[in-house]
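Below is one structure, written out as C-alpha cells; the observations come after it.
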Amino acid sequence: MELEHILYLMYGMCIMFHLMMAWIFSRRGLPLSKRLIGALMLLIAFQYIKDLPWVSFFYTDDCFRDRLSTCLDMVTVPVYAMVLFEFCRPGSVTLRRGLLAELPFLIFSLLYIVFVNSFFFYALIAMSIAYGTWCAVWTLHELPIYHRRLKEEYSYDEEINLHWLRGVMIFFYIILAAWVYQALFKGYFSDLVYMTVSLVSWSVVCYFINRQDVVFREVVGSSGSGAMDSSDIEAQTTDSPEQQPCPQPAVPAPVSVESSPQTSDVDEQMVADIYKAFEEDKIYLNPKLRLSDLAARIGTNRTYMSQYFNHTCEQSFYEYVNNYRVRHSMGLLSDTDYTLEIIAEMSGFNSLSTFRRAFIQKNGCSPQQYRSEMAL
C-alpha cells in the first residue's frame, strides 16, 4: 500500500475518533472541563476534514498553502491550555479569557497571511512552544495547591485527584513535538508520524478524563470567576510516618470537646455536634463524605468548619475523617477475620490502596502486620 493510501486511512481513523470523542464529551450535564475537551475534539476533527481534500497538494512546492494550513491549526493551542486551567481551577475559564488567549495566535496568523513573511510563521511556532512550556510549569505549580484544597473538602480522592494530569501533560508535549516536526518537515512520513502519535496520545488522555468525577468550584475557594489566589493557602506539610512498632490494642482516643485544643476560640456547640456525628453516628463510614455534607448536617458554615479542622485540629478534613476510619479498621482487624477488602469497605474507604496508605501513615505498619501482631 502506498504512503498516500495509508495517509488517507489515518485521516479517516482520526476524523472518526475525534468526532466520537466530541460527541461523548459534549453531552448535557457534563462539567466545563469535559465540554472543553469536546470542543477541542471537534476543532481537531474539523482540521483533519479541512486538510483532507488537499492531501495530494500538500507535498508540492507551494510552501504558502502548507503554512496557511498550519496557521489555521494554531487556534487549538490555547484550547489545550484552557483544559488544563479548568481542571486545576474549576470555574476559572471564561469566554473572555479564552478569547484573550486566542488573540496573539490570531494576530500572528493574520500577519503571516497578509505579509507572507516567514518570520511571522516561525514566531508563531516559537510562541506555541513557549506557551505550552509555560502552561506545563503553571500546572505543576497548581497541582499541589489543588490537592491541598481537595483534602479540605473531601474525605476521599479516588476519581477526583489529578495525579494523572502529570502524565497527560507529557502526552500533550508529545503531541506538540510531533506537530512541530510535521509543520517544519512537510511530507507523507511526517504527517503519518503526527497523526499516529496524536491518535494514540488522545486515546490515553480521553480515557483518564472520562474517568474524572466532577469537582465543585468550592474546592478551589473560588469567588466570582473561580480564580484562586495561592497566597490564601497555608502550606500544610505532613512528615512521613517514622517506622515504629505497631500500636497495642488500645485505640487512640478521638478529639473530644474537653480535650480539643483552643476550643475557647470556636463554637463549643459545633465541636459537640462534630463529636456526636463521628462518635455516635459514625458519619465517617460514608465513603463519599464531604465537608459540605457535615456542615449541612450540623447547620453551620463550611468555611468556618474548614478553619476549625485546619487550625484547631491541625489537620485537614481528609486526615481527620480517615483517622477515624483507620481507628474503626483496627478494631475489625483485631476482632474479626474479614479480608482486608471487606474491612476497607466497612471502614468507609473507597479502595484497598487508600486504606493501606492511610493505615501505614497513621500507624507506621501495614494492616497485615498489625493483624499478625495482634494475634500473638
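Note on Trp23 and Trp54: the model spin-label points, each 7 Å out from Cα along the C-beta direction, lie 2.8 nm apart.
Computed from the C-beta positions of Lys276 and Asp337 and an R0 of 30 Å, the FRET efficiency is 0.45 to the nearest 0.05.
Using the 1.4 Å probe convention, the accessible area of the range 265-364 works out to 45 Å² per residue with neighbouring protein chains retained. Thr76 contributes an accessible area of around 10 Å² to the protein surface, as traced by a 1.4 Å probe with all chains present.
At the residue level, Asp281 shows approximately 60 square angstrom of accessible surface with a 1.4 angstrom probe and all protein chains present.
Can you tell me the length gained on complete extension of the stretch Thr312 to Val114, counting 0.36 nm per residue apart and subtracting the Cα distance? Don't skip to the end; give the middle numbers.
Details: separation 198, 0.36 × 198 = 71.28 nm, distance 6.32 nm.
Between Thr312 and Val114, full extension yields an extra 65.0 nm.
Rolled with a 1.4 Å probe across the full set of protein chains, the surface gives Leu110 an accessible area near 110 Å². Modelled label positions at Tyr181 and His141, each set 7 Å beyond Cα in the direction of Cβ, lie 3.1 nm from each other.
Reported to the nearest whole Å, the Cα centre-to-centre distance from the range 1-30 to the range 323-340 is 49. Oblate is the label for the range 1-139. Its Cα gyration tensor axes, ordered a ≥ b ≥ c, give a/c of at least 1.5 and b/c at or above a/b. Potential lengthening of the chain between Leu68 and Thr133 amounts to 21.0 nm, from the contour at 0.36 nm per residue minus the alpha-carbon distance.
The values are calculated or read from the model by the stated rules, or taken from the named source; none is laboratory data. Because the structure is a prediction, the values reported are computed rather than measured. Don't worry about glycine lacking a Cβ; one is built from the backbone with ideal geometry, like all the others, and counts go over all protein chains shown. With ligands, DNA and RNA removed, areas are computed over all heavy atoms of the protein, side chains included. Shrake-Rupley method; radii C 1.70, N 1.55, O 1.52, S 1.80 Å.
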